[in-house]
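Working notes, beginning with the structure itself.
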Amino acid sequence: MKLTLHIWRQTGNKDKGTFETHHLDDLSPDMSVPEMLDHLNIQIIKSGGDPVAFESDCREGICGQCGFVINGHIHSPESHTTTCQTHLRSFKDGETLHIEPFRAKAFPIKKDLMIDRSALDRIIESGGYIGVNTGQANEANSTLINHDLAEKAFDAAACIGCGACVATCKNASAMLFTSAKMNHLSMLPQGAPEAAQRVKNMIVQMDAEGFGSCTFTGACEVVCPQSISVFNITEMNGRWLWSSK
Amino acid sequence: MLNSRIPAGALEEKWTNYKNRAKLINPANRRRYKIIVVGTGLAGASSAASFAELGFNVEVFTFHDSARRAHSVAAQGGVNAAKDYQNDGDSVWRMFYDTLKGGDFRAREANVYRLAECSMELIDQAVAQGVPFAREYSGYLSNRSFGGVQVSRTFYARGQTGQQLLLGAYQALMRQNAQDNLTLHTRHEMLDVITIGGKAKGITVRNLDTGDITSHACDALVIASGGYGKIYYLSTLAMNCNATAIWRAHTKGALMAAPSWTQFHPTSLPQLGDHQSKLTLMSESLRNDGRIWVPKKPNDTRNPNEIPENERDYYLERRYPAFGNLAPRDISSRAAKERIDAGCGVGPMKNAVYLDFKHAIGRLGKEVIAQRYGNLFTMYQKITGMDAYQEPMMIAPAAHFSMGGLWVDYRLMSNLHGLFVLGEANFSDHGANRLGANSLLQACVDGYFIAPRTVMDFLAEETPEALNASDSFEQAAKASKDEVEKKLNALLNIKGTTTAEEFHKQLGRILYTKCGLSRNGKDMAAAKSELLELQQTFYKDLLVPGTEKDINFELEKAFRVADYLEMALLIVEDALQREESCGAHFREEYQTPDGEALRNDNDFCFVSAWKYLGDNKYQLHKEHLNFEFVELQTRSYK
């Protein structure tokens, strides 16, 4: 199949950036989007050009490293799917694609489609953990956790840290990311003792990183590869209110 | 003669004896010792966090943009522990025996026993970190049976156990990163080990964003850089998995053990075409309910649903009635290859077998199957566009896990003084074949429970010097940096016509066909000359664009492929030397009349550990495996 690609090229964070056009005509519908870029890059390299810089590691939709904006869709035109799990059969033969990096103030562009998402790591560092040292744990079955609660914690814990929620939000808010981790930990009995501190620290860090506020449009849940629910944000707001009393 | 330093005493007392006698360092003095950890997967992150909790000075390096991305994240099925929560007869001894037997008696008894012994503590630790393992309605932890054993000892978090365990370790690491005594460097790749007087004293890294080359001193070096199955190009591994860290250590004197022992996972998705960059794994748990078959007739192109029962060959059930579809990975993969080679493979490239849920759906209903495997069925549909509720899945064996790796003793220290190797990067616990759900376990146990004890024991005998770098370190560091720069520039300056990726594909093809699921002397001799030729062409015709002082993925790949090309030759050498079949290593010349592996305990009951001599030359060292507590048996799953 054939595709026309307009790919975002930018040499660094200070560069303005622009779209570069490529025509590809020997593609297979079974290719994933990163595989299409691999294919394109070999052509660029052989013609003496600079290949498109993009990140992609597991190619199974779980590591959270890939993620582009394709024709305005975060990650993919398919719902709840990462870029690496998007195959060319999702597009029409002859279609034109605009491929851009995730854009947010807190995610500076490093080069082409590569962005710096270390702000998310710093949010985790500020309180996205349970403060247990190796060796301190008690017997696993001595803390009973109901099946439904364990499943609910899992739903929140499933976040892959790709940043799609931020990229799609008109405010570039990281509320879905932050609230998912916070709720995962704070709803479990093991994580409850630190819940009040956790909510303060993580929200302060989130704001310091330059992420926007949440106006509850729900756009984040729509693009999340793990379908993480916006109710996590409601719950986080509740925790914030209680902790500030 | 290699000394594995196994502590004295009865099997169940060895680890306790070791811990009781291990030397300690006063809490106030620990910050004077610097430990470098390379890799932030399960083994790297868990050890780094644990070292920092103890008060050591820790510096951590990963080539990823975040410590949460390592490929531990992709392990789906679960993690084993001998808790015996299911009252089904499990015990540390049974888990030890299953693992040892699963590895075809090519692992150390003491190491394997310790793995089983520490397994229970790991579940406690992970639960305390908030890992959301599956639970019963009563609130108790749930288990399932996994990977060719008769008990239910596997703990799991849906199909994302690896991700959840890694997040636990990553969060513990990030918690320490906020403290003064741990520094995390993302986007830094280790390209050399600095040795002084035969001791590992530091590393040289490249900042992948700026291209800067820097050296870092340490009192103990921990490499936890994962497996190298990606050497086969098409594998279940992530795109960036590589052997460079362990290969660089190897060239500086660390022995490489059993490099040819790579596990081929039986339930990967088959290759669909030439464009493909990797193979996606479907969890082995699918084999609990799916039945594996191929058409009896070769080249049968009918739709699978139109093939009547009596024209299907459920070959695993036929050949291994006791274990059936749950036969261990090496056996299942080989049986699939046997049928595919016989012309009975299915799919457009005739390279797959069917995994059929029709009977399970009939027995349990679609809802139960969806509850158990829903995410995997969705994933299958996303990748292949096919609905596995309506027709059988197509699966095929794919390069997966490296049982081989840097040789380590009982303390997980390599023969290179001061270098510790954890997780998949080492050779130690899995013998010639790894059992399902033991990989997450080994990475975690190495990192959380073993390395903190053994590295402290080691450091207690060392004078801390890394924090005040000496002249001799500065000299060695400069030489190391120069060497790395020289290598990078050499790769950039070839300016040929073929990309690193294309070389990697050719390398993978040679290894898959001539030193893959099964091997023979004739093919491997041919592979050797093909590999040598490919290596020569690489240094004449490689094309790397760009410069060293910039983000340059092609340069990163080229460096890794250069190491893979060397390692491939050692893999073939290792497989050639081992004239027996054991576990994942199947030499066609050594099989029973009915096609099963023929082990040779008289001549090959040892670990092959190779010393690097340069110029594709190696010297073999042997570590004899003494079985004091179990009797060697023929591994049968019939």
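Computed from the coordinates by the stated procedures, all read-outs in this text should not be read as laboratory data. This is a predicted model, so every value here is computed, not measured. Cβ sites come from the backbone with ideal geometry, for glycine too, and all protein chains shown count toward neighbours.
Here are the numbers for the structure shown:
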quantity	calculated
Segment B:133-252: relative contact order in percent, alpha carbon pairs under 8 Å with at least 6 residues between	14
Virtual spin-label span in nm between B:Ser529 and A:Leu241, 7 Å along Cα→Cβ	7.9
Extension gain from B:Ala22 to B:Asn3, taking 0.36 nm per residue of separation minus the Cα-Cα distance	5.1 nm
Relative contact order of chain B, defined on C-alpha pairs under 8 angstrom at six or more residues apart (%)	20
Within straight-line cross-link reach of A:Lys170, lysines at Cα separation under 26 Å, skipping those fewer than 8 residues along the same chain	A:Lys14, A:Lys16, A:Lys105, A:Lys110, A:Lys111, A:Lys181, A:Lys200
15 Å cut-off, amide nitrogen to a point 7 angstrom out along A:Asn171 Cα→Cβ, residues in segment A:185-226	A:203-204, A:206-221
DSSP-defined antiparallel bridges as percent of all bridges, the protein assembly as shown, nearest 5	70
Contour excess over end-to-end distance, with Cα ends at B:Asp603 and B:Lys495 and 0.36 nm allotted per residue	34.1 nm
Cβ-based charge dipole, the protein assembly as shown, positive-most Cα from B:Ala336, B:Val630, B:Ser142	B:Ser142
Those residues of segment B:566-601 whose amide nitrogen sits under 16 Å from the label point placed on B:Ala342, 7 Å along Cα→Cβ	B:592-597
Ranked B:Tyr637, B:Tyr448, B:Tyr156, criterion: other C-beta atoms within 10 Å, fewest first	B:Tyr637, B:Tyr156, B:Tyr448
Segment B:477-601: projected area of the alpha-carbon convex hull, averaged over directions, in nm²	9.7
Förster radius 22 Å - calculated FRET efficiency between B:Ala460 and B:Ala178 (Cβ-Cβ, nearest 0.05)	0.20
Cα→Cβ-extended label distance, 7 Å offset, between B:Lys296 and B:Glu12, nm	5.1
Test item: B:380-391 mean partner chain Cβ contacts at 10 Å	2
Residue-averaged beta-carbon neighbours from other chains (10 angstrom radius) around B:163-172	5
Relative contact order %, segment B:382-481, counting alpha carbon pairs below 8 Å whose residues are six or more apart	21
Segment A:Asp15-A:Ser142, extension gain: residue separation times 0.36 nm, minus the distance between their alpha carbons	40.1 nm
FRET efficiency, 1/(1 + (r/R0)^6) with R0 30 Å, evaluated for B:Asp387 and B:Glu309 via beta carbons	0.90
Neighbour-count ranking [beta-carbon atoms within 10 angstrom, fewest first] of B:Phe51, A:Phe107, A:Phe216	A:Phe216, A:Phe107, B:Phe51
Low-density loop cleavage sites - GluC sites (Glu not before Pro) in segment A:121-224, where at most 14 other Cβ are within 10 Å (DSSP)	A:Glu139
Within a Gaussian network of chain A (alpha carbon springs, distance under 10 Å), most fluctuating of A:Ile145, A:Ile228, A:Ile124	A:Ile145
Peptide-level mean, for A:142-149, of C-beta atoms on other protein chains within 10 Å	5
Rough spin-label spacing in nm, given labels placed 7 Å along Cα→Cβ, for B:Glu628 and B:Thr214	4.6
Whole-number D in µm²/s for the protein assembly as shown (Stokes-Einstein; Kirkwood sum over Cα pairs; 25 °C, 0.890 mPa s)	89
Per-peptide average of other Cβ atoms within 10 Å, ordering B:270-277, B:123-130 highest first	B:123-130, B:270-277
Least to most buried among B:Ser472, B:Ser332, B:Ser72 (fewest other Cβ within 10 Å first)	B:Ser472, B:Ser332, B:Ser72
Counted charge near B:Asn602, where neighbours are those whose Cβ lies closer than 13 Å (Asp, Glu -1; Lys, Arg +1)	-3
Equivalent ellipsoid dimensions for segment A:3-111 as semi-axes, Å, which come from the Cα gyration tensor, largest first	20, 18, 13
